[in-house]
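Colleague: Here you go, one structure.
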Amino acid sequence: MKIRQSYNIREFGVPERSPGAGRIDRRLLYNFDFLLMFLIIILTTAGMANLYSATAVTDLGLFRSQISWLPVCVGVMILFFSINYTLLEGMTYRIYLVVCALLLAVDLTGYTSHGAQRWLNIGLFKLQPSEFAKIALVLALVQYFYNNPNVKGYSLREVLAPLGLLILPFLMVIKQPDLGTAGLLILIAFTLFIYVGVRKSVLLWIAVVGSGSLPILWFFILKAYQKTRILTFFNPDKDPLRTGYHIKQSLIAVGSGRWFGTGYLKGTQSGLRFLPEQHTDFTFSVFAEEWGFVGSVLLLLLFLALIGRALIIASRSKDRFGTLLSVGIAALIFWQVAINVGMCLGIFPVVGVPLPFFSYGRSALLTIFISAGLLLNISSRRFMF
Amino acid sequence: MDLVTIYEEKLKAKLGAFLAFALVVFAILIGKLWYLQIIKGHELQRKAEVNRIRIHRVAAPRGLIYDRNHRLLVDNRLNYVVYFNPNVLPPDERQPFLEDICAKLNVDFEYIKKRFQAMTSGLRFIKIKSGIAREELAKIQTWDMEYHGEYPLEIEEETKREYPLGKFMAHSLGFCGEIDKQQLESPEYVDYRPGDLVGKMGIEATYEADLKGIYGKERFEEDANRNKIRTLDSVSAKPGDNLVLTIDVDLQKAVMQAFGDTAGAIVALDPRNGEILALLSNPSFNPEILSPPVDPKQWQQLLDDPKSPLMNKVIAGLYPPGSTYKVVAALGGLEEGTITTRTVHLCPGFWNFGGRQFNCHSSKGHGEIALHRAVVQSCDVFFYHVGHDLGIDNLAIYARELGFGEKTGIDIDSEKEGLVPTRDWKSRVKKENWSPGETLLCAIGQGYSLVTPLQMAVAYMTIANHGYRYRPKIVLRIESRDGKVVKKNEPELMAKSNIKEHSFDLVQKALIGVVNEDGGTGGRARMDSILVAGKTGTSQVTGMGKHKIKSSSLPYERRDHAWFVCYAPAENSEIVVAVLAEHSGHGGVVAAPIARQVLSAYFSIKRQREKGIVQPIVDIAPPSPSEAKGNELD
């Protein structure tokens, strides 16, 4: 994809690449972000333990496949940590295009489950490219805004290209259909737009076009079950035994956790399979029932710490690319946690957004470990320029 | 500062805003967590319990009923019942759900709706359908999947009562029916649900508490697909206790055969302890008809039948006692000294008293007659004099000595106490003064006196026992399911009469004479080997006549009732039989032969028992049509 260069590229320039890029040197270990690593380890542990509890009565095979996938994820995380992220700068669009190709492949030949065509069988495991689309989009947008810095705020013409970067995977994801991921792509992109600064007129235009396209979305793109889910969210008692059932059961599970929870592996609602999709969408409800208010708040604080850490990494980063990428990843994590937990707590429609480190899904886990690797990468290289 | 630095500084300045935004969103999430887990936690936890814990009521098998030789009279058959639990559904969804379920179960929705509205106070379970067989149940259970979460149907085992003997013992055994609204509201039925079976009549009603047993409870955990995961705790159902009756089925059968299709009542009891050996109220009904669901047409038919098949006439049928009541005047006269054995009255066939002619049943008259022959021949005129000399209030005292005018205390419900008239009673109830002529009528068992056949049997028991009156009882003992005796109904002495032994002797001799002497009205009850003592009675339904009309020429409902009460052997008697044949003629002609058949059956059964023979209950023959009862005897 050809990206039009901004008019003021000469004034801003692009920094020279660091000579030590690609090699692990002692400074890297010296500046290693142990706090971030600690957060990743503790969230991974909690996520795995919770997945065990959530699948203990349904299908422990899911847990086994997830935990056996963990070493691969860690390996990929180390890879994304050790390669100097500045090397990524030249590869971001290519990564983006590969992921878009995968999405196209899904649309053409993908594996269907739960009525949605999301998976690509690549022999070893079923790939869910829409998960990778999240990080790929972040990388591509960061690349664009890095290449095109703008102090005054981006004009409408200047955001057409990043909008294009968003719309391509968005359309392919929503066609699957995967409403959650599609929405997430928009949120991540808009977070970055607002972060880098767009003009008010752009926001206005987006608002007008966005709300104008809502009917199109509703009548031509959304499947009946997705519409019901959204309607159910606004009126969960209307059909308590079918779609509203998910939300209701989730609230019951969360509520019955009370102060300290029922105890690990003692969740009554998950243990007895009252919770739907308890290993994916409603994994937080399992956790909330078993660990109660105290545990749930602690978990949210851990996620908040992770997001906060990503923002601190952004602020400490010595280059704009690192800053933007950290913010993009922070947005990626933040929106997934907020939507997933909000969904479990009944303040967001059930749209199928995974909870990072917690929800079952190997592509999702790999994506979050790639993101974590990149954060560690940026953080540890903050003094290396 | 170059532009890059400005831009980068600007970017970094926005990080705080991002963090602030994240904080706000997380604060909202934590706020909702607080709301769900802390504020609503208790309520949601309860809902979680509702989700996973089901309480299943385990039906307790109702106690069985045996005869005195431990032959099964009432059995249970296992059925399933579907209940609707309205609490599960929001009010506006109850009716559509019920409609749907009724259509599926092939139940009349309007009927259920009516019950639902009638029983809806307190929202207890509503029975939708009972008598569901196992195969149908399996089908119903597959529907569970459609209503996961909270399931508004409850399935329970139920035992349906089976009365293999049918009409044969319907009045003593009674029947069970669905508990009615009135009962549900009374505190003693607090653990019943609408639709539960409850004894409605007879032993089933009286011994409800013993027969019912205690419902068990099973609390178990279910998963979302309503698979039972594990039982949390359970209280097993305690089966109802079994009853062993005093009834001997063989004698009951003999009674039924002897009685044929005559309307009336017959009771046989053991004077030594009050045990009811046989009890029949005719016509009877088939208790299966009254087991729910009751066909309203059949029910109405039973209610409208002029022969009142639903009434247990032995305990609730009130009849003028007729001449059987003369023992009261005889004992009273002897005790009060108004007569002795030598007291003689002239019977010309009538007595003009107070300007009115009181007839003797024998228009020829009995001539000069004393107590013994007056009883034997049932002379009315003699007893007019005895009654007149005693006065109504003395008559009442001796009537009560024999147990008239009060409940016998039998352990079956709805017993009537009858009526022993007194001066006081008449002024109180009828607001009229007693007229002396009425005393004469009362002395021969007409007029206001009303007795039940059981009271009559108890009165003659008192005579046979020379004053000892036991409470009649139909349940011999209560046994637990494993055969242990829970409670034994010991003989209970209700009263010991103050009447002198000698008076009883004289009356007893006279009663023996009734059956065994020439000219005795009860000759048809005479037995070859056993000395029977008894008394006939022919109680007039129409007013004591100035005109003597042959009973058989009257319409049925105005014909005389035939009484015969007897005990045997006269000394150390073992059995008292009271027979009342409604509107069927003369006691000595109609009732005495029936009593004789019962007595002979009793003694032949006794001989069998002494040899240790107890025949199993095979098909009990339906009552044979009554035989011609011979000529009228005066």
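The values are calculated or read from the model by the stated rules, or taken from the named source; none is laboratory data. Keep in mind that what you see is a predicted model, and the values were worked out from it rather than measured. Cβ: placed from backbone, ideal geometry, glycine included. Neighbour counts: every protein chain shown.
Colleague: For region B:581-595, give me the residue count where each residue is buried (at least 24 other Cβ atoms within 10 Å of the Cβ) and either in a helix (DSSP H, G or I) or at pLDDT 95 or above (or both).
Modeller: 7
Colleague: Criterion first (more than 9 Å from every other protein chain (Cβ to nearest Cβ) and surrounded by fewer than 20 Cβ atoms within 10 Å (Cβ to Cβ)) does B:Asp75 satisfy it?
Modeller: Taking the combined requirement at face value, the residue satisfies it.
Colleague: Which helices (runs of 4 or more DSSP H) does region B:287-390 wholly contain that include 2 or more residues that are modelled with pLDDT of 90 or more and either surrounded by fewer than 16 Cβ atoms within 10 Å (Cβ to Cβ) or more than 23 Å from the chain's Cα centre (by Cα) (or both)?
Modeller: B:326-336, B:371-376, B:380-390
Colleague: Can you tell me which residue within region B:1-33, out of those that are facing chain A (nearest Cβ under 8 Å) and aromatic (Phe, Trp, Tyr), is farthest from the chain's Cα centre (by Cα)?
Modeller: B:Tyr7
Colleague: Here's something else I'd like to know. Between a residue in region A:169-198 that is within 14 Å of chain B (Cβ to nearest Cβ) and any residue that is of a type in the set (Lys, Arg), which pairs come within a Cβ distance under 6 Å, given they are 6 or more apart or on different chains?
Modeller: A:Tyr195/B:Lys14
Colleague: Let me ask you something else. Only residues in region A:309-324 that are under 23 Å from A:Tyr93 (Cα atoms) and facing another protein chain (nearest Cβ under 8 Å) count as the first member; pair them with residues that are assigned to a loop (DSSP other than H, G, I, E, B) and at pLDDT 90 or above, Cβ under 7 angstrom, at least 6 apart or cross-chain, and list the lot.
Modeller: none
Colleague: Now a separate question. Take the conditions at pLDDT below 80, within 20 Å of B:Leu290 (Cβ to Cβ) and out of contact with any Ser or Thr (no Cβ under 8 Å at 6 or more places or on another chain) and apply them to B:Lys113. Does it pass?
Modeller: In short, no.
Colleague: Within region A:355-366, is even one residue facing chain B (nearest Cβ under 9 Å) and either of a type in the set (Asp, Glu) or surrounded by 22 or more Cβ atoms within 10 Å (Cβ to Cβ) (or both)? Give the derivation first.
Modeller: Our first condition is that a residue be facing chain B (nearest Cβ under 9 Å); within region A:355-366, this holds for none.
No, region A:355-366 contains no residue that is facing chain B (nearest Cβ under 9 Å) and either of a type in the set (Asp, Glu) or surrounded by 22 or more Cβ atoms within 10 Å (Cβ to Cβ) (or both).
Colleague: While we're on this one: If you check A:Ile24 against the conditions, is it at pLDDT 90 or above and either out of contact with any Pro (no Cβ under 8 Å at 6 or more places or on another chain) or under 15 Å from A:Gly267 (Cβ atoms) (or both)?
Modeller: So A:Ile24 does not fit the description; no.
Colleague: Kindly list the number of the only condition in (1) over 30 Å from B:Lys160 (Cβ atoms); (2) surrounded by 14 or more Cβ atoms within 10 Å (Cβ to Cβ) that fails for B:Ile53.
Modeller: Checking B:Ile53 against (1) over 30 Å from B:Lys160 (Cβ atoms); (2) surrounded by 14 or more Cβ atoms within 10 Å (Cβ to Cβ), the one that fails is (1).
Colleague: Do we find a residue being among the small types (Gly, Ala, Ser), within 14 Å of A:Leu192 (Cβ to Cβ), touching a residue at least 24 places away in the same chain (Cβ under 8 Å) and within 11 Å of chain B (Cβ to nearest Cβ) anywhere in region A:336-354?
Modeller: Scanning region A:336-354, I find no residue that is among the small types (Gly, Ala, Ser), within 14 Å of A:Leu192 (Cβ to Cβ), touching a residue at least 24 places away in the same chain (Cβ under 8 Å) and within 11 Å of chain B (Cβ to nearest Cβ), so the answer is no.
Colleague: Another question about this same structure. Restricted to region A:166-215, and to residues that are in a helix (DSSP H, G or I) and among the basic types (Lys, Arg), which residue is modelled with the highest pLDDT? Write out each step before concluding.
Modeller: Initially, region A:166-215 is screened for residues in a helix (DSSP H, G or I), giving A:166-175, A:179-196, A:200-215.
Okay, now just the ones that are also among the basic types (Lys, Arg), so A:175, A:200.
Numbers: A:Lys175: 76, A:Lys200: 84.
Across region A:166-215, the extreme among qualifying residues is A:Lys200.
Colleague: Assess whether B:Arg57 counts as being in a loop (DSSP other than H, G, I, E, B), touching a residue at least 60 places away in the same chain (Cβ under 8 Å) and either at negative phi or within 7 Å of chain A (Cβ to nearest Cβ) (or both). Reasoning before the result, please.
Modeller: Numbers: in a loop (DSSP other than H, G, I, E, B): no; touching a residue at least 60 places away in the same chain (Cβ under 8 Å): yes; either at negative phi or within 7 Å of chain A (Cβ to nearest Cβ) (or both): yes.
No: the conditions fail for B:Arg57.
Colleague: Out of the residues in region A:35-57 that are touching a helix residue (DSSP H, G or I) at 6+ places or on another chain (Cβ under 9 Å), closer than 20 Å to A:Thr262 by Cα and not hydrophobic (A, V, I, L, M, F, W, C), state the one that is surrounded by the fewest Cβ atoms within 10 Å (Cβ to Cβ).
Modeller: A:Tyr52
Colleague: Keeping to region A:312-332, report how many residues are surrounded by fewer than 24 Cβ atoms within 10 Å (Cβ to Cβ) and outside any loop (DSSP other than H, G, I, E, B).
Modeller: Count: 5.
Colleague: I'd like to know if region A:271-288 contains one or more residues that are closer than 30 Å to A:Leu88 by Cα and either in contact with a Cys (Cβ under 9 Å, 6 or more places away or on another chain) or surrounded by fewer than 23 Cβ atoms within 10 Å (Cβ to Cβ) (or both).
Modeller: Among the residues of region A:271-288, not one is closer than 30 Å to A:Leu88 by Cα and either in contact with a Cys (Cβ under 9 Å, 6 or more places away or on another chain) or surrounded by fewer than 23 Cβ atoms within 10 Å (Cβ to Cβ) (or both), which makes the answer no.
Colleague: Quick check on this structure: which one of B:Leu89, B:Leu36 is more than 38 Å from the chain's Cα centre (by Cα), facing chain A (nearest Cβ under 9 Å) and buried (at least 17 other Cβ atoms within 10 Å of the Cβ)?
Modeller: Values: B:Leu89 fails: facing chain A (nearest Cβ under 9 Å).
Answer to the selection: B:Leu36.
Colleague: Does any residue of region A:315-332 turn out to be closer than 15 Å to B:Leu29 by Cβ and among the small types (Gly, Ala, Ser)? Don't jump to the end; show me each part of the working.
Modeller: Step one: filter region A:315-332 for residues closer than 15 Å to B:Leu29 by Cβ, giving none.
No, the conditions are met nowhere in region A:315-332.
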